[in-house]
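In what follows, a structure is listed as structure tokens, so that the remarks can point back to it.
The values are calculated or read from the model by the stated rules, or taken from the named source; none is laboratory data. In this text the structure is predicted, and so the values were computed from the model without any measurement. Neighbour counts run over all protein chains shown; Cβ positions are idealised from the backbone, glycine included. Keep in mind that these areas ignore ligands, DNA and RNA; they rest on the heavy atoms of the full protein, side chains included. Shrake-Rupley method; radii C 1.70, N 1.55, O 1.52, S 1.80 Å.
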Amino acid sequence: MTKSPEFDVTRALAAFAAGISHQDLPPEVSARARTLILDTVGIALRARYDADSTPSLLKALTALGYRQGTARAIGDGDGWTAPGAALINGALAHSLDFDDTHAAGSIHPSAPIVPAALAAAEMTGADGATTVAAIVAGYEVQIRLSLAMTPSEHYARGYHPTATCGAFGAAAAAGRILGLSVDQMVAAFGLALSQAAGSISFLDEGAWSKPFQVGWAAHNGLVAARLAAEDFKGPLRGVDGPHAFLHAYSPDPDYAAAAADLGTHWETLAIAVKPYPSCRYSHAAMNAVAQVVAANDIAEGEVTSIRIGLPKTGMALVADPHDVKIKPRSIVEGQFSMPFLTAVTVRSGALRWDDYRAHLKDAKTLDLTTKVSCEIDPRCQAAFPANMAGSVRIETGRGSFEGFVEVPKGEPGNWPTEAEHRAKFDSLTGPYLSAERRDALAAALLGLDREASITRVLDLTRPVPADLQAAGED
């Protein structure tokens with residue numbers, strides 16, 4: 001069993017998070033963070049109205065008293081408590097499985113962190129520059145914790161690192177905005193330890209616990225930071241102590257990785273965005289499928305079989321068990337079904353959020369799904385964890401066609417254009433915001449470092465009644 005290090009990793013992370021300012025960020029790091037915030041807000045706004053889990057979540061939080069404040073949930077016209085807004089926005093950001101990822105960390109950085117920072121900024125009146133710096137602090141803490149645990153080992157124990165590590169990232173982001181001292185940030189991390197939870201059991205059941213536990217991480221990080229701001233004491237080695245996070249949640253953590261190169265190497269620049277609303281491990285294979293089908297003019301009717309290649313960790317999430325994956329019954333199951341996602345890509349050329357409801361009950365899609373099998377591809381495994389690569393071999397009556405994609409679209413090495421980022425944002429927000437309001441919101445988010453009020457920006461996410469009426473919403 002790995003022993004706790006002599007070097008105080010918890011305090012190193014706390015000092016970094018407490019001391020960071022926007023002036024410390026290289027321009028490209030600030031710009032990347034603002035693009036990620038734009039992406040997150042667009043996803044959350046669409047999920048406010050289109051995610052199946054949203055109505056139940058809002059009703060439950062209303063009954064629990066969270067709808068008694070002035071903080072803003074993205075796309076929602078009501079006021080919420082700050083913890084309630086953090087929880088809702090975190091859940092919304094993760095509800096479509098369309099949110100950003102970090103390949104090596106096997107984690108979704110923005111969903112727990114951005115909501116905690118926005119809620120803290122509303123509490124304190126923090127400006128946009130402070131908020132951007134705090135979000136970057138959250139990214140760096142959260143991602144490094146996942147890297148230190150070895151994500152595949154964490155997953156193997158049944159944990160969901162976006163939620164477990166997310167509580168610490170959210171505490172770092174919220175704590176920076178609340179102005180915590182280093183000692184207080186240490187306490188916030190110790191308190192986050194008591195709340196770090198998240199299970200991948202949703203894979204077996206298509207449950208809504210997945211977005212909830214990510215929203216809960218945002219909520220818990222904010223609570224931990226607020227407690228620490230009032231000098232509530234937490235364990236002093238919450239990250240690396242003998243009973244702390246890394247020791248308890250990983251069989252052989254790399255403690256040095258948790259605080260490596262803070263302030264000089266920016267993991268924020270390694271965060272990818274998703275072109276498809278599905279598990280990131282499916283994307284390279286979907287890219288390969290789309291390329292092979294288009295290049296060879298393959299019609300769905302001539303396909304006799306499809307073989308998908310994945311890295312080992314991807315197999316566990318989107319391919320196994322095969323008999324379950326070929327029969328997805330819900331959107332969540334579809335998002336983690338490589339056979340289903342392959343079938344949709346063959347038939348449609350891509351995957352859009354609205355495709356789930358259309359294809360989950362489409363007989364032709366489901367028939368094609370049964371023709372898809374998956375295997376561990378040595379090329380994909382060799383590229384992992386730096387990249388979640390994917391391959392495909394499509395068999396037809398006129399021959400076999402193969403493709404391999406090492407760097408899926410959306411990764412820093414295959415980064416979308418500004419126009420592609422904006423197209424995704426517009427496709428998500430278009431049903432609920434007018435073109436004028438979308439333009440204003442996008443400009444505010446991309447220029448967040450120049451905004452004096454986070455509240456003004458969040459107000460732009462609220463559809464006006466005419467927009468809701470046009471979308472068919474009450």
Original post:
Where does segment 384-443 land on Rg(C-alpha)/(2.2 N^0.38 Å)?
Top reply: 1.72
Subject >> Quotient of Cα Rg and 2.2 N^0.38 Å for segment 44-155, N being how many residues it contains >> reply: 1.12
**OP:** Would you work out which of G430, A350, T369 lies farthest towards the positive end of the dipole of the chain, given +1 charges on the beta-carbon of Lys and Arg and -1 on that of Asp and Glu, about the Cα centre?
**Re:** T369
Original post:
Across all directions of projection, what mean area in square nanometres is found for the Cα convex hull of segment 140-274?
Top reply: 8.3 nm²
Subject >> Shape parameters for segment 332-395, alpha-carbon atoms, Rg then Dmax in Å >> reply: 12.9, 37
**OP:** Grab every C-alpha pair in segment 123-183, bin the distances at 10 angstrom width from 0 up to the longest one, and report whole percents.
**Re:** 23, 43, 23, 10, 0
Subject >> Residue order for D362, D261, D377 - accessible surface, 1.4 angstrom probe, largest first >> reply: D261, D362, D377
Subject >> For a label point 7 Å along the Cα-to-beta-carbon line of D204, residues of segment 138-163 with backbone N under 18 Å >> reply: 154-161
Subject >> Convex hull (Cα only) mean projected area of segment 292-338, reported in nm² to one decimal >> reply: 4.3 nm²
Original post:
Of all DSSP beta bridges in the chain, what percent run antiparallel (nearest 5)?
Top reply: 80 percent
**OP:** For K325, go through the lysines and keep the ones whose alpha-carbon is under 23 Å away, minus same-chain ones fewer than eight residues off.
**Re:** K210, K274, K312, K361, K364, K371
Subject >> Of all accessible heavy-atom area on segment 116-159, the percent that carbon and sulfur account for (1.4 Å) >> reply: 44 percent
**OP:** May I ask for the equivalent-ellipsoid semi-axes of the chain, computed as the square root of five times each C-alpha gyration tensor eigenvalue and listed largest first in whole Å?
**Re:** 35, 27, 19
Original post:
Helix 54-63 sits at what angle to the longest principal axis of the chain, using alpha carbons and giving 0 to 90 degrees rounded to 10?
Top reply: 30 degrees
Subject >> Sorted peptide list for 324-330, 129-135, criterion being average Cβ within 10 angstrom, highest first >> reply: 129-135, 324-330
Subject >> Diffusion constant of segment 155-198 at 10 °C, which comes from Stokes-Einstein with the Kirkwood Cα-pair radius and 1.306 mPa s, µm²/s >> reply: 148 µm²/s
Original post:
What is the spin-label model distance, in nm, from E28 to D426 if the labels are put 7 Å beyond Cα along the C-beta direction?
Top reply: 2.8 nm
**OP:** Report, to the nearest whole %, how much of the accessible area of segment 1-48 belongs to carbon and sulfur atoms, 1.4 Å probe, protein only.
**Re:** 51 percent
Original post:
For segment 237-346, what % of the accessible area comes from carbon and sulfur atoms, probe 1.4 Å?
Top reply: 55 percent
Original post:
If you take the Cα atoms of segment 188-248, find Rg, then find the Kirkwood Rh from the mean of 1/r over all pairs, what is Rg/Rh?
Top reply: 1.07
**OP:** Jot down the radius of gyration and Dmax of segment 107-154, Cα atoms only, both in angstrom.
**Re:** 12.5, 40
**OP:** Take segment 271-416, drop everything but the C-alpha atoms, weight them equally and run the Debye formula without solvent; then report log10 I(q)/I(0) at 0.17, 0.20, 0.21 Å⁻¹ to two decimals.
**Re:** -0.86, -1.21, -1.34
Original post:
Which translational diffusion coefficient, to the nearest whole µm²/s, is obtained for segment 1-83 from the Stokes-Einstein equation, given a Kirkwood hydrodynamic radius over C-alpha pairs, 25 °C and 0.890 mPa s?
Top reply: 148 µm²/s
**OP:** Send over a whole-number figure in Å² for the accessible area per residue of the chain, probe 1.4 Å.
**Re:** 36 Å²
Original post:
Near A120, within a Cβ-to-Cβ distance under 12 Å, what is the net charge of the other residues, with Lys and Arg +1 and Asp and Glu -1?
Top reply: +1
